[in-house]
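Only the coordinates and a few stated rules stand behind these numbers; no lab work does. No experiment lies behind these values; they were computed from the predicted model shown. Please note: Cβ atoms are built from the backbone with ideal geometry, for glycine as well, and neighbour counts cover all protein chains shown.
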Amino acid sequence: MVALLALAFTIGCAHMPRLTKSVHAGKTGPLGACADFFASLDNAVEKSGVRDAGAFRVKDYPYLRVNRLLSSFSHEADDYAKFETWLDRLQELDRLGRFYEIENLVPGQCAELQLQANCSDLYKKVVQCGDLLRSKDFEAGQARARLRQAAKAPHEYSLLGRIAGLYPLPSLFISEGVKKWHKRARQSFSNTPPDGRYQMSRYVPYRDDVASIPSEPINIKGDALGIPVLSEELQDALFYLYAPIWELETKASYDCIGTPEWRKDGRSLQVNTSRPTTFRLLSYARFDGRVLPQLNYIIWFPARPKESAVDLIGGFMDGINYRVTLDLDSRPLLFETVHNCGCYHKYFPTRRLSQRALPECIEAPLVLQSPKLDPVFELLVISMESGTHYVQHLYTVPRHRQGDGEFYSLRDYNGLRSLSIHEGRRRGMFGENGIVPGTERLERFIFWPTGVPEAGAMRQWGRHAVAFMGRRHFDDPHLIQELFVRVNPIGTARF
């Protein structure tokens, strides 16, 4: 048994980003030089310990990365326009990851790359060399087929962990626990405000220019793959339009929203509650033959307080992701909340959706009633319990009567991939395995047989397993399609 436990914890850690080399590495000429540059850059990143886990490397293509959305198009990018659009997005994903890896490099590593000490030329070379290798790698048609096979995003579950933990046996007990939690959550949830027994604090969105709120539905167009293309101005308008009011039963600082920062010693993180921030991130879902935009609003708390020394789920840091999936007319289709560990995933479908019947062997989703929201005139309030930060109320208030509260700012979530430490040094909030260091929970010793690595720990977006039985990922583009069907065609139900 000791050997099995050791095996499980060895293989149960979250997937590490896989490094890869170009097939041109070691060759002479510009192609070989560029392939060697990527290998050298990856070595420097590895030595600095700053590999970014936000997307997955693609074998033999060091200038490409893939996520679950783009992986879902691997067999559909079968004509020139679709393939080139898909390839553009794979390359953009790598460039974004490398931008933050370069930002976080230990300064001395730049000297090893024979570049300027401040690394100012690194990103430019990433772009130039990526374009050069791409132009050579896809001259032949069979090369495109090879990439479509290689560009796969791995799941977040450990098969060996499930084998070592005799998964079918503990899953029976865990399934009963999930059902009991669902029952308690349904009993405590409502679409009405809290009854006033507790002290509640509010955080409300702040913006100088409210004139950009769209007053009519916006028809969103897509690229060759059908992925919506949103201008910066449209993204700003939509994120502001659906920005929620966060409402918290407040007993201590652990119920205050803040901004993650590195402490001055650079060894540990903290959440600065004097800077309330909501981090925004754009994602996409595939539903009913369309690709739909999703607005993610993510907040962080200093802790989920422990009730005792052996509290399984309490610990350093906590957080919530509130997500709005929009139809192509920019009106809401589905609301969701999930904790930043991937735990406590809740679905709030609008009248446009109906829940599918699922087999008994699949973990049932927790589906709760959504309030009717007119985003032009109303704000959604997400009301949470103290300490646990469980979402217990979801209701609307008129925009002009939103009430008092502390303003929060909206910031790009990707900024968390490179935070200032001191003296010019930077480091991402997330470890190389996608886990926020220091947020490990004791529950990992209970749930490891499910194959979920570091259950309860805070995770980087794109690395969330959201079910213990079977497999389910928060960033799975087919997630809505698997759980819901459309009730009304677009336009027949306004909200």
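Remarks
- Under Karplus coefficients 6.51, -1.76 and 1.60, residue-wise ³J(HN,Hα) of the range 398-411 in Hz, glycine/proline x: x, 4, 7, 10, 6, x, 6, x, 7, 6, 10, 9, 9, 10
- Computed extension gain for Lys180 through Gln149, at 0.36 nm per residue and net of the alpha carbon distance, reaches 7.0 nm.
- The residues packed around Arg134, meaning those with a beta-carbon under 14 Å from its beta-carbon, carry a net charge of -2 if Lys and Arg are +1 and Asp and Glu are -1.
- Per-residue extension of 0.36 nm, minus the Cα-Cα distance of Gln369 and Ser274, leaves a gain of 30.8 nm for this segment.
- Counted by Cβ distance under 15 Å from Gly403, the other residues give a net charge of -1, where Lys and Arg count +1 and Asp and Glu count -1.
- Residues Cys256, Cys343, Cys361, arranged from fewest to most other Cβ atoms within 10 angstrom of their Cβ, appear as Cys361, Cys256, Cys343.
- Order of Glu336, Glu385, Glu423 - criterion: other Cβ atoms within 10 Å of each residue's Cβ, fewest first: Glu423, Glu385, Glu336
- Local net charge near Leu353, Cβ-Cβ under 11 Å (Lys/Arg +1, Asp/Glu -1): +2
- Cross-link reach is defined here as a Cα-Cα straight distance under 24 Å, omitting same-chain residues fewer than 8 places apart; for Lys264 the lysines meeting it are Lys47.
- Nearest-0.05 FRET efficiency for Lys221 and Thr250, computed from C-beta distance (R0 45 Å): 0.55
- When the listed pairs Lys180/Lys306; Lys59/Lys82; Lys59/Lys125 are checked against a 32 Å cut-off, every alpha-carbon distance falls at or below it.
- Once backbone amide H atoms are built at 1.01 Å from N, Leu333 has Thr325, Leu326, Asp327 as its partners under 5 Å, excluding neighbours fewer than 5 places away on the same chain.
- Within straight-line reach of Lys372, meaning a Cα separation under 22 Å, sit the following lysines at least 8 residues removed in sequence or on another chain: Lys346.
- Computed from the alpha carbon positions, the gyration tensor of the range 14-150 leads to an equivalent ellipsoid with semi-axes of 26, 17, 12 Å, biggest first.
- DSSP beta bridges fully contained in the chain are about 80 percent antiparallel.
- Order of Leu172, Leu31, Leu133 under a 10 Å beta carbon neighbour criterion, fewest first: Leu172, Leu31, Leu133
- Spacing of the modelled spin labels on Arg351 and His422, each 7 Å from Cα toward Cβ, amounts to 5.8 nm.
- Linear extension gain, Gln142 paired with Glu232, 0.36 nm per residue minus alpha-carbon span: 28.7 nm
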